[in-house]
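K.L.:
I have a structure I would like to understand better, so I am pasting it below and will then ask my questions one at a time.
The values are calculated or read from the model by the stated rules, or taken from the named source; none is laboratory data. All values derive from a computational prediction rather than experimental measurement. We place every Cβ from the backbone using ideal geometry, glycine too, and count neighbours over all the protein chains shown. When the accessible area is computed, the model is the full protein with side chains, heavy atoms only, and any ligands, DNA or RNA have been set aside. Shrake-Rupley method; radii C 1.70, N 1.55, O 1.52, S 1.80 Å.
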Amino acid sequence: MEESILMVAADAISMAIAKLLKVVGVPEKQAVKFAPFVFFAVLLAAAFSAWFYISGNQN
């Protein structure tokens, strides 16, 4: 089965976040489990940050 490039990239980012969580002290099993949620939260925070920045500069 072929995987799209976006799925491979999302998996790689998720694994990188899991490794970062593991460095912080989160157990490996929980880090792998919660990495996609952390990725989504960071992505959502970046989107809201950009939206607030753009909406605030409408002079």
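K.L.:
For the chain, take the longest principal axis of its alpha carbons; what is the angle in degrees between that and the long axis of helix 28-56, to the nearest 10 within 0 to 90?
P.N.:
10
K.L.:
Run the numbers on the chain and let me know its relative contact order in percent, using alpha-carbon pairs under 8 Å that are six or more apart.
P.N.:
28
K.L.:
Could you report the chain's accessible area per residue, 1.4 Å probe, as an integer in Å²?
P.N.:
For the chain, the solvent-accessible area averages 89 Å² per residue.
K.L.:
Scan the chain for GluC sites (Glu not before Pro) in coil per DSSP, keeping those whose Cβ has at most 13 other Cβ atoms within 10 Å, and list them by number.
P.N.:
Loop-located and lightly packed - E2, E3.
K.L.:
From the helices alone, meaning DSSP H stretches of at least four residues, give me the mean residue ellipticity at 222 nm for the chain, per-run term -39500 (n - 2.57), in deg cm²/dmol to the nearest 500.
P.N.:
My calculation for the chain gives -29500 deg cm²/dmol from helical runs alone.
K.L.:
Equivalent ellipsoid semi-axes for the chain, as square roots of 5 times the alpha carbon gyration tensor eigenvalues: give them largest first, rounded to whole Å.
P.N.:
28, 18, 7
K.L.:
Kindly express, to the nearest 10 degrees and within the range 0 to 90, the angle between helix 5-24's C-alpha long axis and the longest C-alpha principal axis of the chain.
P.N.:
80
K.L.:
Rounded to the nearest 0.05, what FRET efficiency do S55 and I5 give with R0 = 30 Å and r taken as the Cβ-Cβ distance? Could you check?
P.N.:
0.40
K.L.:
When the accessible area of the chain is computed with all protein chains present and a 1.4 Å probe, what percentage of it is carbon and sulfur?
P.N.:
C and S atoms contribute 71 percent here.
K.L.:
When Lys and Arg each count +1 and Asp and Glu each count -1, what net charge do the other residues less than 15 Å away from V26, Cβ to Cβ, add up to?
P.N.:
+3
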